[in-house]
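One structure is given here, and the rest of the page talks about it.
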């Protein structure tokens with residue numbers, strides 16, 4: 001039986017992108033190929049905020065502090081916090097999911113597989129997880145990914161068949177390419193070939209986190225690269241800031257930029273609703 005290292009497993013409202021407002025189960029896997037230390041920092045600087053948190057003093061995610069800079073899901077990949085992410089069997093994960101669904105079975109809820117980077121190391125476990133008897137009623141899956149990881153051939157074949165077998169079934173790749181605001185390198189973060197590959201399996205949209213017009217210009221350059229390779233999906237702009245103070249300062253300007261470009265705007269509902277707490 002397959003196992004996955006799980007950072008968080010919770011039921012909430014999807015706060016971003018295409019399925020905003022939809023009741024969803026979030027399966028957050030452990031591990032990422034990026035650290036995104038540049039968010040909220042002056043250009044060229046990386047956040048050290050998470051390093052000030054004494055990881056050994058915490059035993060669960062709910063008690064962890066939020067950070068104002070850097071990656072707001074830092075504990076899902078930072079090795080200092082890996083003791084908070086257990087290895088769970090697919091049976092255990094499915095059992096937990098069933099217990100948190102309002103009717104103890106899939107109805108209108110949506111499964112979000114997120115991270116960290118969920119396509120980094122756990123792809124071979126997803127076919128077993130999704131094939132479980134109690135997952136048969138599931139109709140919609142989103143992979144929240146940074147768009148740098150190719151799909152394993154067996155998962156690609158499985159997801160294609162999964163969608164065919166469901167009359168209303170939908171597989172979505174919510175791709176958040178990391179711009180320089182994140183602190184990551186363009187050549188490692190912008191991968192048009194990978195995005196095109198996703199589009200052969202399911203619905204793909206791009207979601208860029210921006211804080212100023214320079215970021216918007218860079219997003220335009222990235223979209224141009226994706227379009228050249230055949231990407232035809234929607235593009236969302238989303239304000240930077242995992243905590244409410246930062247969020248309210250830039251949301252309106254980001255919405256105006258999205259309208260100017262004819263792109264879509266994504267709010268971050270988890271911030272005003274839940275203050276961006278863990279497990280929301």
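Report, by residue number, each residue of region 141-150 that is part of a loop (DSSP other than H, G, I, E, B) and either surrounded by fewer than 19 Cβ atoms within 10 Å (Cβ to Cβ) or touching a residue at least 60 places away in the same chain (Cβ under 8 Å) (or both).
Once the filter is applied, which keeps residues that are part of a loop (DSSP other than H, G, I, E, B) and either surrounded by fewer than 19 Cβ atoms within 10 Å (Cβ to Cβ) or touching a residue at least 60 places away in the same chain (Cβ under 8 Å) (or both), region 141-150 yields 146, 148, 149, 150.
How many of the residues making up region 47-79 are in contact (Cβ under 8 Å) with a residue 40 or more places away in the chain and either loosely packed, with under 11 Cβ neighbours inside 10 Å or assigned to a helix (DSSP H, G or I) (or both)?
Residues meeting the conditions: 4.
Could you say which residue among 40, 31, 121, 44 is modelled with pLDDT under 95 and within 18 Å of the chain's Cα centre (by Cα)?
121
Which of the residues spanning region 80-101 are closer than 24 Å to residue 37 by Cβ, in a helix (DSSP H, G or I) and in contact with a strand residue (DSSP E or B) (Cβ under 9 Å, 6 or more places away or on another chain)?
Scanning region 80-101 gives 81, 82, 84.
Are any of the residues in region 210-230 in a strand (DSSP E or B) and more than 30 Å from residue 161 (Cα to Cα)?
Taking every residue of region 210-230 in turn, at least one turns out to be in a strand (DSSP E or B) and more than 30 Å from residue 161 (Cα to Cα).
From 159, 130, 111, 101, which residue is more than 22 Å from residue 199 (Cβ to Cβ), touching a residue at least 12 places away in the same chain (Cβ under 8 Å) and either touching a helix residue (DSSP H, G or I) at 6+ places or on another chain (Cβ under 9 Å) or surrounded by fewer than 19 Cβ atoms within 10 Å (Cβ to Cβ) (or both)?
None of the other options fit; the residue is 101.
The values are calculated or read from the model by the stated rules, or taken from the named source; none is laboratory data. No experiment lies behind these values; they were computed from the predicted model shown. So basically every Cβ, Gly included, is an ideal-geometry build from the backbone, and we count neighbours across all protein chains shown.
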